[in-house]
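Structure, as structure tokens:
Please treat every number below as a calculation from the coordinates, not as lab data. The structure displayed is predicted, hence computed values, not measured ones. In this analysis, Cβ positions are derived from the backbone assuming ideal geometry, glycine residues included, and neighbour counts consider all displayed protein chains.
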Amino acid sequence: MNVVFHDKPFKLTKENYPLGDTFHVIDNYLSEELHCHWDRQLVGSNLWSKTNQVGSESKTGLPHHSFWGGTFFRNRINDYIDPSMNKSDTYFANYFNTRVMNDFGFRWVNFDYMGLNSQTQGLDGTCHSDCDPECEWNLSFLYYLNQFWNPKWGGDLRVYDKNIGSGVAEDMDKYEIGRIEFKPNRLLLFDGRIPHGAEAPKPSARYVDRRSCVLRGSEIRLVPKEEERREVAPRQLRAQRYANDRI
């Protein structure tokens, strides 16, 4: 596992993609105004539900993990999942997706999911992979939403060398190969086939939740700069104006 920190986004090219075992980290990805705007908007949104679960084979039917979540898009980026959802929620999500595509120079071929996770103490995420082993051209993003986070509260992204599912504490520690700290306004991009899981906040966080946005697809294609400007820029500018109007 390698972790590379960048001070700004970079273009994906044939030389640096697929990403292999490298996690790329960009801090302060959004402006402070946009970051705070989106987090405030989501905290006050009604799109959250206690449906973010990973099932198990237990005869009890109990899940491996269960915490709050919300879905923006599934399978197609422009499909609104819940007709009652506040359109401004999906509009900023669409802006975020468009910006990511533009900043890193790619398009989704097989888009899978964009949604939210919210964890409080005790709600550890299960070790999992985002896509199947054969999906070499996949890409996963994690964006950390909270406006404030005390490092003593934990919430690290744990990375494993084996997909152990729910596991037990001893196995989680045994197969862990690295961690990436949870930090507000931090963006991660990585190969979603790498097993990983989100650590719950520590008891010292009380009921402050760890909020993150997941954006992933099982296949992308790289695009030239000319195509980026032609296809993405107009939509990004419209979304940027929309966001700025609401700050």
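Report the chymotrypsin sites (Phe, Trp or Tyr not before Pro) located in the range 102-163 that are in a DSSP loop and have at most 16 other Cβ atoms inside 10 Å of their Cβ, or state none.
On the way: sites: Phe104, Phe106, Trp108, Phe111, Tyr113, Trp137, Phe141, Tyr143, Tyr144, Phe148, Trp149, Trp153, Tyr160; in loops: Trp137, Phe148, Trp149.
Filter output for the range 102-163: Phe148.
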Between Ser204 and Asp132, 0.36 nm times their residue separation minus their Cα-Cα distance comes to what? 22.3 nm
